[in-house]
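Structure, as structure tokens:
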Amino acid sequence: MECALKGGLEERSAPLKHQKPAIFAHPHSSQDNQVDPLEDDVTIADGVTVNKIQLMRCNHQRPSKLVCDLLGVMFTMEELSTHSLTGLKGGASESVKPCLNKKHVNAIFEYTLKKFPSANINELRVAARNKLNNASKLFKKGSYQILDEE
């Protein structure tokens, strides 16, 4: 079993048959799937928190993959498909998309730069922009629909 939370991959021994896996074990829980959201949140930067299990599931192999996975954790597909990084008008586009929550986006970049000190902010922005463009294309293509809440 590998854990990708603390600065790279750590080897863990496999749990014994009578033990719960460490990722799912909860000290105050009587059931395997019960998770206390307050105790299982991790602050990634500037007071922005993410669920510890979701953070561990993010791909920590490359900075671009980590940025894309964290965007998927922090924002809905609706937000990703209808928002931009800056909120500014693009070159050929006549419409302006609202920007994503800047505090959350900056926290994603800050966390990623902590994990990958050799990465630069421009490559992280390119990865985020590609994620937003792909989400927008999927929405326009009709691969998923945004349901109105009533």
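The values are calculated or read from the model by the stated rules, or taken from the named source; none is laboratory data. Everything numeric in this text was worked out from a predicted model, so none of it was measured. Cβ coordinates were reconstructed from backbone atoms using ideal geometry, including for glycine residues, and neighbour counts include every protein chain displayed. Note: accessible area is taken over every heavy atom of the protein model, side chains too, but ligands, DNA and RNA are not part of it. Shrake-Rupley method; radii C 1.70, N 1.55, O 1.52, S 1.80 Å.
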Formal net charge of residues neighbouring His83 (Cβ-Cβ distance under 13 Å; K, R +1; D, E -1): +2
Too-long pairs where the Cα-Cα distance tops 32 Å, listed order kept, from Lys52/Lys89; Lys102/Lys137; Lys114/Lys140; Lys115/Lys140: Lys52/Lys89; Lys114/Lys140; Lys115/Lys140
Surface per residue (accessible, 1.4 Å probe) for the range 37-138, Å²: 56 Å²
Value of D in µm² per second that Stokes-Einstein yields for the range 37-92, Kirkwood Rh from Cα pairs, at 25 °C (0.890 mPa s): 190 µm²/s
The range 91-135 - percent of accessible surface contributed by carbon and sulfur, probe 1.4 Å: 49 percent
R0 of 35 Å, Cβ-Cβ distance Asn106-Lys140: FRET efficiency to nearest 0.05: 0.80
Simple label model, 7 Å out from Cα along Cβ direction - Ser95 to Thr43, nm: 3.8 nm
